Amino acid sequence: MMPTTLSSDSLRPTLDRLRIANQEFSRCYPGDSGKRQPVHTVYGGAHLFKADGAARLGALAVKALEEYAPTAADLGAALGLSDELAGAVRERVAAKLRREPVEDFRADFEDGYGNRPDAEEDGHAESVAAEMAAGCKAGTLPPFIGIRIKPFTEELRERSIRTLDLFVTTLVRETGGRLPDNFVVTFPKVTIPEQVAALADVFDLLEPALGLPAGSLRLEIMIETTGSILGPSGSSPLPLLAAAARGRCVAAHFGV
């Protein structure tokens, strides 16, 4: 066997630096956790949220299926499938709609809600929390659930934080001190890391005040502005946005 030119001793500094860099990358990007992820998210105006809303949507979907594809042959003709395959597909779709028509839902205080008088939004923040708590107790909530707050612009930041505070405070009170499974706060129109850091700061204040375990409040950022894609220097601020959440960011939604 031919001897190599480079010795282990000469390579050690380079390999040590590479090992440290690889370990840091693995720490920051551990990969898929293996946990379930929803395949869709439904947004609905917060003022319309009800504890049994997912079941109601499912009933409407089943009605539409029965009206427009009452048989496997109808579905097969529409999709170009054999009757056998169409029958299997229709059976699975109908079962899913009856069992779990919505996988992920956001009670929306932003685009689906609009700007309203403060007293009205205060009332909805509390009523939505009460409905979500009722759904939590009754087992009628989708497996993933949350709210979308307003952005942290100069005009809306205080309104957004107040809605979040009222909602989480009421929810924890109504549930006896717990959050629904897979609860998340959707943060729209993010432009700078400081906005994400501010939301993480608010979470840091709410958790001990409400007796919630540290880190239980989580967020997902919505990437829907030019500033969140291209920073002032032309580089992408996306990694900075995620890092600013200090481990609380669990997802990113990419919008228009």
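Could we say that ASP122 is acidic (Asp, Glu) and in contact with a strand residue (DSSP E or B) (Cβ under 9 Å, 6 or more places away or on another chain) here?
Numbers: acidic (Asp, Glu): yes; in contact with a strand residue (DSSP E or B) (Cβ under 9 Å, 6 or more places away or on another chain): no.
Here the answer is no, as ASP122 does not meet what is asked.
Here is a yes/no grid of residues against (1) within 30 Å of GLY139 (Cα to Cα); (2) among the small types (Gly, Ala, Ser):
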{"residue": "ASP165", "(1), (2)": "yes, no"}
{"residue": "ARG173", "(1), (2)": "yes, no"}
{"residue": "PHE203", "(1), (2)": "yes, no"}
{"residue": "LEU212", "(1), (2)": "yes, no"}
{"residue": "ILE223", "(1), (2)": "no, no"}
{"residue": "SER228", "(1), (2)": "no, yes"}
{"residue": "PRO232", "(1), (2)": "no, no"}
{"residue": "GLY247", "(1), (2)": "yes, yes"}
{"residue": "VAL250", "(1), (2)": "yes, no"}
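Restricting attention to the stretch 107-155 and to residues that are in a helix (DSSP H, G or I) and under 18 Å from the mean Cα position of the chain (by Cα), the residue that is surrounded by the most Cβ atoms within 10 Å (Cβ to Cβ) turns out to be MET132.
Close Cβ contacts (under 6 Å, 6 or more residues apart or on different chains) running from residues in the stretch 218-238 that are more than 11 Å from PHE254 (Cβ to Cβ) to residues that are in a strand (DSSP E or B) and aromatic (Phe, Trp, Tyr) comprise LEU219/PHE187. Looking across the stretch 207-217 at every residue that is surrounded by fewer than 17 Cβ atoms within 10 Å (Cβ to Cβ) and in contact (Cβ under 8 Å) with a residue 24 or more places away in the chain, the one that is nearest to GLY146 (Cα to Cα) is identified as SER216.
I'm checking my understanding of the structure. Among residues of the stretch 94-106 that are outside any strand (DSSP E or B) and in contact (Cβ under 8 Å) with a residue 60 or more places away in the chain, which one is farthest from the chain's Cα centre (by Cα)? Applying the filter and picking the extreme gives VAL102.
Restricting attention to the stretch 19-61, and to residues there that are part of a helix (DSSP H, G or I) and among the polar types (S, T, N, Q), which single residue is modelled with the lowest pLDDT? Full working, then the answer.
Going residue by residue through the stretch 19-61, those that are part of a helix (DSSP H, G or I) are 19-28, 46-48, 53-61.
Then drop every residue that is not among the polar types (S, T, N, Q), which leaves 22-23, 26.
On the way: ASN22: 95, GLN23: 94, SER26: 89.
Selected residue: SER26.
Entry remark, the stretch 182-206: residues being free of Cβ contacts under 8 Å to residues at least 40 places away in the same chain and surrounded by fewer than 16 Cβ atoms within 10 Å (Cβ to Cβ) number 3 in total.
Selection of strands (runs of 3 or more DSSP E) fully inside the stretch 177-256 by the criterion of at least 1 residues being acidic (Asp, Glu) and at pLDDT 95 or above returns 219-223.
Of the numbered criteria (1) assigned to a helix (DSSP H, G or I); (2) under 24 Å from ARG90 (Cα atoms), the one LEU15 fails is (2).
For ALA245, the stated conditions do not hold, so it cannot be described as farther than 20 Å from ARG106 by Cβ and either touching a residue at least 12 places away in the same chain (Cβ under 8 Å) or hydrophobic (A, V, I, L, M, F, W, C) (or both).
The values are calculated or read from the model by the stated rules, or taken from the named source; none is laboratory data. Just so we're clear, the structure is a prediction, and the values are computed from it rather than from any experiment. Here Cβ is always computed from backbone atoms with ideal geometry, including for glycine, and neighbour counts include all displayed protein chains.
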